[in-house]
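The values are calculated or read from the model by the stated rules, or taken from the named source; none is laboratory data. From a predicted model like this one, the values you see are computed outputs, not experimental measurements. FYI the Cβ positions are ideal-geometry reconstructions off the backbone, even for glycines, and counts take in every protein chain you see. Side chains included, ligands, DNA and RNA excluded: accessible areas come from the protein's heavy atoms. Shrake-Rupley method; radii C 1.70, N 1.55, O 1.52, S 1.80 Å.
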Amino acid sequence: MTPSDGPANPITPLEQALHAARALVLADLAAREVAEADVVSMVEESVVQRRWWVEQWPDGADFVAGLVAQDVQDALLEKYGRWPLCPVCGSGDPHALEVEPELGPDPQWVCHKAGVRVAALGGLGAAGGIASS
C-alpha cells in the first residue's frame, strides 16, 4: 500500500453518523454537567444498539442522533430523573425537553409546554436562553 492509496480503514457513512450522534449527545450532557462515567456508558450502550439498527436500515443514518438522544434520555429517566430540564418554563412542575422530530433528521430540543425550540441537538451549551420557534 502506498500513501496515495488512502487510509486502510476509511470511515464509513454509518460510522460518521454514529460518531456525530455520540458527539452531539455528549456535548449536551457536558453542557448540563451530567457527563459522569456511568452516563457516558449509557451513550456508548445506545450507540452499540443503534449501530445494529442502522446496519439493518442504512437510510436511517440521518435519524440516529435523535434516537441516541432519546435512548439516553430514557435511560437517565429510569436511573436519575428527567433530563434535560426545560430552561424556558420558570414556574410549574419541572419537565424535560423533548427531541423533535422523534424520527427524522436535524433533531432539536423542544419545550412542548411553551411551544418553542430551545436548541439543536448538541447545542444546549449555547442555549443559555431560548432559540426562536
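Take the residues in segment 29-58 that are of a type in the set (Asp, Glu) and over 15 Å from LEU18 (Cβ atoms); name whichever of them is surrounded by the most Cβ atoms within 10 Å (Cβ to Cβ).
The first filter runs over segment 29-58 and keeps only residues of a type in the set (Asp, Glu), leaving 33, 36, 38, 44-45, 55.
Now drop any that are not over 15 Å from LEU18 (Cβ atoms), which leaves 33, 36, 38.
Details: GLU33: 7, GLU36: 11, ASP38: 9.
Checking each candidate, the answer is GLU36.
Within segment 105-133, take every residue that is surrounded by 18 or more Cβ atoms within 10 Å (Cβ to Cβ) and closer than 17 Å to VAL34 by Cβ and give me the one that is modelled with the lowest pLDDT.
Among residues in segment 105-133 that are surrounded by 18 or more Cβ atoms within 10 Å (Cβ to Cβ) and closer than 17 Å to VAL34 by Cβ, the one modelled with the lowest pLDDT is ALA127.
Quick one: which residue in LEU67, LEU85 is open to solvent by 60 Å² or more (accessible area, probe 1.4 Å) and in contact with a Pro (Cβ under 9 Å, 6 or more places away or on another chain)?
Exactly one of LEU67, LEU85 is open to solvent by 60 Å² or more (accessible area, probe 1.4 Å) and in contact with a Pro (Cβ under 9 Å, 6 or more places away or on another chain), namely LEU85.
Going through GLU44, GLU102 one at a time, which residue ends up being charged (D, E, K, R) and either farther than 22 Å from ALA119 by Cα or modelled with pLDDT of 95 or more (or both)?
On the way: GLU102 fails: either farther than 22 Å from ALA119 by Cα or modelled with pLDDT of 95 or more (or both).
So the residue among GLU44, GLU102 that is charged (D, E, K, R) and either farther than 22 Å from ALA119 by Cα or modelled with pLDDT of 95 or more (or both) is GLU44.
Go through (1) in contact (Cβ under 8 Å) with a residue 12 or more places away in the chain; (2) within 15 Å of the chain's Cα centre (by Cα); (3) outside any helix (DSSP H, G or I); (4) under 21 Å from GLY125 (Cα atoms) and name the single condition ALA21 misses.
Here ALA21 meets the rest and fails (3).
Just wondering, is there one or more residues in segment 65-82 that are within 18 Å of PRO13 (Cα to Cα) and of a type outside the set (Gly, Ala, Ser)?
The initial filter retains those residues of segment 65-82 that are within 18 Å of PRO13 (Cα to Cα), namely 65-68.
Then keep just the ones that are of a type outside the set (Gly, Ala, Ser); that gives 67-68.
For segment 65-82, residues within 18 Å of PRO13 (Cα to Cα) and of a type outside the set (Gly, Ala, Ser): present.
Regarding segment 67-87, can at least one residue be identified that is among the aliphatic types (A, V, I, L, M), in contact (Cβ under 8 Å) with a residue 40 or more places away in the chain and in a loop (DSSP other than H, G, I, E, B)?
no
Against the condition over 19 Å from GLY122 (Cβ atoms) and polar (S, T, N, Q), how does SER41 come out, does it pass? First the steps, then the outcome.
Values: over 19 Å from GLY122 (Cβ atoms): yes; polar (S, T, N, Q): yes.
It is true that SER41 is over 19 Å from GLY122 (Cβ atoms) and polar (S, T, N, Q).
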